[in-house]
Amino acid sequence: MTNFKTLDDADVAGKRVLVRVDLNVPVSDGVVTDATRIERVAPTIQELSKKGAKVILLAHFGRPKDGPDPQFSLGPIAHAVAKIVGHSVHFAADSIGEKADEAVAKLKNGDVLLLENTRFYKGEEKNDPEHVKALAANGDIYVNDAFSAAHRAHASTEGLARVLPAYAGRTMEAELLALEKGLGAPKRPVVAIVGGAKVSSKLDLLGNLVEKVDALVIGGGMANTFLAAQGVKVGKSLCEHDLAGTAREIMAKAKAANCTIILPVDAIVAWHFQANAPFHAYGLDAIPDDGMILDVGPQSIERVKAAIDDASTLVWNGPLGAFELTPFDKATVAAARHVAERTKAGHLVSVAGGGDTVAALNHAGVADDFSYVSTAGGAFLEWMEGKPLPGVDVLKK
């Protein structure tokens, strides 16, 4: 973290600290149903409060279209934040202007205030300089603790860091450290596992990874496209036949970069896409014309485990099969548990991220056993694709 200023570098006592957090959490009937993102930012909020800062939280919620909309208010979420942080959280019904100014003016050292949804203003997503100025008027220091929003150059994620002294919060710091260990300056050999439905959604990812990792395991529906590109008949499986040429280009790029691509050598085939559908294991030369590949087979699982055994660092994005349907979760669960065992034994640094990936690791019961599991969705994927993240780059010293 030598490239970034962190809370260790900030004198926050008595200062108004604008903290960008991710509170875009699932809510049902006014109740937060998954508080993971709040739990992630709690340490930063607690530390700033204990150090005597006036903590002012900035966040977005949902995608409001035209100005203030009660269904996208952060008001109900303030209660969940207070409960997790163990500290009362005041709420202001605006993020700029009179209501925000008055609420900030009332703050004592150590108090916590949540401002209303930043996206109620068009200037937020446009990163409008006047809007940035209005937000900055209520702060002396800016702390970004929302890596998940760092791929957006918005007023509260990028603009504020240009006009106020800027620091990375503890969650941002932990994420950047983990990502540095994952692909920035990893211990080799590095193995990536990439799964999911379609190659088309992960072209940039695959193109970047083959130049950075020593081996790339490809699973899920996207593996079918690579298999078909090599002449394997995949029956009625999910497959982007029109991307066969692209798949071959990626394989050629991998070969030139000395990256080994590991594809399935056998498959679990069913005739209906549903849980507990009748299935059969087949070699790749015998996939039935009317069958669908829904998971990689037992020999492929052993190959994936062997690749994990060879790795010092592992990066994972996407399941190996239709993990949401039993028994087509078998390969994903087996691989996830093997990674967890190697990590707990101290043999592996494991970094995973992406919505389906987090769900799959939770399903396997091992999310807490990986070195780091990112909840950052789009930002994590863009980092894996090698794209610049405006909210991170602006924090560099």
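Summary of values
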{"item": "Qualifying residues in the range 207-256 (those that are under 22 Å from Leu179 (Cβ atoms) and open to solvent by 40 Å² or more (accessible area, probe 1.4 Å)) - the one modelled with the highest pLDDT", "result": "Asp214"}
{"item": "Any hit, the range 171-179, residues being open to solvent by less than 10 Å² (accessible area, probe 1.4 Å), in a helix (DSSP H, G or I) and free of Cβ contacts under 8 Å to residues at least 40 places away in the same chain", "result": "no"}
{"item": "Pair list, Cβ under 6 Å, 6 or more apart: the range 126-137 residue of a type in the set (S, T, N, Q), other residue at pLDDT 95 or above and open to solvent by less than 60 Å² (accessible area, probe 1.4 Å)", "result": "Asn127/Ala153; Asn127/His154; Asn127/Ala155; Asn127/Gly159"}
{"item": "Residue in the range 176-190 that is within 21 Å of Asn117 (Cβ to Cβ) and not hydrophobic (A, V, I, L, M, F, W, C) present", "result": "no"}
{"item": "Candidates Asn3, Asn24 - the one that is within 23 Å of the chain's Cα centre (by Cα) and open to solvent by less than 60 Å² (accessible area, probe 1.4 Å)", "result": "Asn24"}
{"item": "Selection from the range 339-353 of residues that are surrounded by fewer than 18 Cβ atoms within 10 Å (Cβ to Cβ) and charged (D, E, K, R)", "result": "Glu341, Lys344"}
{"item": "Hits in the range 40-90 (condition: at pLDDT below 95 and of a type in the set (D, E, K, R))", "result": "Arg40, Arg63, Lys65, Asp66, Asp69"}
{"item": "Pairs, first in contact (Cβ under 8 Å) with a residue 12 or more places away in the chain in the range 73-88, second of a type in the set (S, T, N, Q) and crowded, with 19+ Cβ neighbours inside 10 Å, C-beta under 8 Å, six or more apart", "result": "Ser73/Asn117; Leu74/Asn117; Val85/Ser49; His87/Ser49"}
{"item": "Qualifying strands (runs of 3 or more DSSP E) (wholly inside the range 262-333; at least 2 residues being of a type in the set (A, V, I, L, M, F, W, C) and open to solvent by 10 Å² or more (accessible area, probe 1.4 Å))", "result": "279-283, 292-296"}
{"item": "Those residues of the range 50-66 which are in contact (Cβ under 8 Å) with a residue 60 or more places away in the chain, closer than 20 Å to Ser95 by Cα and not in a loop (DSSP other than H, G, I, E, B), in sequence order", "result": "Ile56, Leu58"}
{"item": "Total residues in the range 296-332, condition farther than 19 Å from Val351 by Cα and out of contact with any Pro (no Cβ under 9 Å at 6 or more places or on another chain)", "result": "11"}
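Each row is one residue, and each column tells you yes or no for (1) open to solvent by less than 30 Å² (accessible area, probe 1.4 Å); (2) over 10 Å from the mean Cα position of the chain (by Cα); (3) closer than 14 Å to Ser148 by Cβ.
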| position | (1), (2), (3) |
| --- | --- |
| Gly355 | no, no, yes |
| Gly365 | no, yes, no |
| Thr375 | no, no, yes |
| Gly378 | no, no, yes |
| Glu382 | no, no, yes |
| Leu389 | yes, yes, yes |
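Let's see how each residue does on (1) within 28 Å of Glu125 (Cβ to Cβ); (2) touching a residue at least 12 places away in the same chain (Cβ under 8 Å); (3) not acidic (Asp, Glu):
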residue: Ala155; (1), (2), (3): yes, yes, yes
residue: Glu158; (1), (2), (3): yes, yes, no
residue: Arg162; (1), (2), (3): yes, yes, yes
residue: Ala166; (1), (2), (3): yes, yes, yes
residue: Leu183; (1), (2), (3): no, yes, yes
residue: Pro186; (1), (2), (3): no, yes, yes
residue: Val190; (1), (2), (3): no, yes, yes
residue: Val194; (1), (2), (3): no, yes, yes
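The values are calculated or read from the model by the stated rules, or taken from the named source; none is laboratory data. On a predicted model such as this, the values are computed, not experimentally measured, just so you know. Ideal geometry is used to build each Cβ from the backbone, glycine not excepted, and the neighbour counts take in all protein chains shown. These area figures cover heavy atoms from the full protein model, side chains too; ligands, DNA and RNA do not enter into them. Shrake-Rupley method; radii C 1.70, N 1.55, O 1.52, S 1.80 Å.
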